[in-house]
Amino acid sequence: MRTLLLIFLFVSFYAKGQVITGQHCGYDFTSYLVVKVHEKGKSETIQNLRITIADSLGREVINVNNLLSWTKRNEPLVFTMNYKIDKNGVRVANDSPDSRWYFPFAKDQYLLSVTNTFKAENYFLKVEDVDGDENGGAFETQLIQLYPFNMYVLCSSENERQAQQFGPRTNRPIEVFLNKK
């Protein structure tokens, strides 16, 4: 009888523990940095820029053993442009009909996936026009301090927690205005 009671208690506590933890979000452990770069007075995103995470001296930060991002291990943290996909999830040209943004929250902007433990306040955003083809190196390089509120946190439970805090809101792109040289 005692054994039956212990089994019953174990099963009930185990079942209760499963209910409490709940379902995980597909973006658990991941956040995004989104950057909207344009000239002052214009709304079009400037293409072909190199945007990286840098230290205070402007040196690129390396993602050593995936400590800062789950992708591109032991490489610099470089932003990429968002792109459009068709209904099958295949990348298409930006002007293609019936297409949608792969990351709908980023639209025509640069983005980078980082871990939720990424300490944004320890890093800078380095925006440079190094391509030379499209822009002709026309824009000045900028080094911009990052802050925790610059990160896109996509899981609803984390968003709810941050919505209760005072100060600047998360899930907004970092707006960068470039000046011509």
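Restricting to the stretch 43-83, name every residue that is over 23 Å from N116 (Cα atoms), within 17 Å of the chain's Cα centre (by Cα) and free of Cβ contacts under 8 Å to residues at least 24 places away in the same chain.
Hit for the stretch 43-83 is Y83, nothing else.
Condition first: open to solvent by 80 Å² or more (accessible area, probe 1.4 Å) and closer than 18 Å to Q47 by Cβ. Now tell me which residues in the stretch 95-104 satisfy that.
D95, Y102
For residues in the stretch 31-84 being closer than 17 Å to D108 by Cα and among the polar types (S, T, N, Q), which is most open to solvent (accessible area, probe 1.4 Å)?
Once the filter is applied, the top-ranked residue is S43.
Please verify whether K107 is in a strand (DSSP E or B), open to solvent by 30 Å² or more (accessible area, probe 1.4 Å) and either of a type in the set (F, W, Y) or within 25 Å of F29 (Cα to Cα) (or both), treating the condition exactly as stated.
Judged against the criteria, K107 is not a match.
Condition first: at pLDDT below 90, assigned to a loop (DSSP other than H, G, I, E, B) and open to solvent by 50 Å² or more (accessible area, probe 1.4 Å). Can you find one or more residues in the stretch 147-165 that meet it?
Within the stretch 147-165, one or more residues are at pLDDT below 90, assigned to a loop (DSSP other than H, G, I, E, B) and open to solvent by 50 Å² or more (accessible area, probe 1.4 Å).
The values are calculated or read from the model by the stated rules, or taken from the named source; none is laboratory data. Owing to the predicted nature of the structure, the values given are computational and were not obtained by experimental measurement. Neighbour counts are summed over all protein chains in view; Cβ atoms, including those assigned to glycine, are modelled from backbone coordinates with ideal geometry. The area values use the complete protein model at the heavy-atom level, side chains included, leaving out ligands, DNA and RNA. Shrake-Rupley method; radii C 1.70, N 1.55, O 1.52, S 1.80 Å.
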